[in-house]
Amino acid sequence: MVKKTAIEMRKKSYAPYSNFCVGACLECTDGKYITGCNIENSSYGATNCAERTAFFKAVSDGITHFSRIAIAGGQRNGALQICPPCGICLQVMMEFCDPDHFEVILGDGENDITYLLRDLLPKGFGPE
Ligand code: THU
């Protein structure tokens with residue numbers, strides 16, 4: 001379900017510059033889902049990735065405990081592609097998640113691969 005919700009969120013993606021549409025579904029430790037999509041900007045550097053949208057929505061609602069995130073991305077009218085989080089998103093995850101337990105679910109529409117945050121950002125800098 002977490003993956004399906006991420007795929008569904010691609011419809012909300014605002015990606016007129018790259019046409020690469022990404023959806024994310026962040027699961028909180030209480031089971032609640034917080035969704036996100038990428039939001040691009042004509043000043044490209046102001047773009048926000050789907051993962052950070054979900055995290056910032058959650059934190060701004062007072063939620064700071066998370067168990068996993070599913071990410072679904074690909075060209076607007078194309079197939080899903082494996083879409084690993086960028087370095088900035090991994091750093092945001094490091095701030096709020098235990099890298100030994102937080103799961104990042106990636107998929108191309110056929111196979112899902114689940115990584116631990118520490119696999120994607122080994123020796124990452126964190127708050128502790
Ligand atoms: N993007 C995400 O939203 N998440 C990722 O994991 C990688 C990239 C977005 C940023 C930009 O809007 C588009 O995908 C192309 O890089």
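The values are calculated or read from the model by the stated rules, or taken from the named source; none is laboratory data. None of the values given here were measured: they were computed from a predicted structure. Cβ placement follows ideal geometry from the backbone for every residue including glycine, while neighbour counts extend to all protein chains displayed. Areas reflect the complete protein model, heavy atoms only, side chains present, ligands, DNA and RNA absent. Shrake-Rupley method; radii C 1.70, N 1.55, O 1.52, S 1.80 Å.
Summary of values
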{"quantity": "Cβ-Cβ under 6 Å pairs, at least 6 apart or on other chains, region 33-55 side under 15 Å from Ile105 (Cα atoms) and part of a helix (DSSP H, G or I), far side small (Gly, Ala, Ser) and more than 7 Å from the ligand (Cβ to nearest atom)", "calculated": "Ala50/Gly23; Ala50/Ala24; Ala50/Gly36; Glu51/Ala24; Ala54/Ala24; Ala54/Gly36"}
{"quantity": "Subset of region 9-42 (residues that are acidic (Asp, Glu) and away from the ligand (no atom under 15 Å from the Cβ))", "calculated": "Glu27, Asp30"}
{"quantity": "Among residues of region 112-128, those that are open to solvent by 60 Å² or more (accessible area, probe 1.4 Å), over 20 Å from Thr35 (Cα atoms) and of a type in the set (A, V, I, L, M, F, W, C), counted", "calculated": "1"}
{"quantity": "Considering residues of region 81-111 that are at pLDDT below 95 and either open to solvent by 10 Å² or more (accessible area, probe 1.4 Å) or touching a Pro at 6+ places or on another chain (Cβ under 6 Å) (or both) only, the residue nearest to the ligand (Cβ to nearest atom)", "calculated": "Asp108"}
{"quantity": "Top-ranked residue of region 43-80 - restricted to ones that are among the hydroxyl-bearing types (Ser, Thr, Tyr) and surrounded by fewer than 23 Cβ atoms within 10 Å (Cβ to Cβ), ranked as nearest to the ligand (Cβ to nearest atom)", "calculated": "Thr47"}
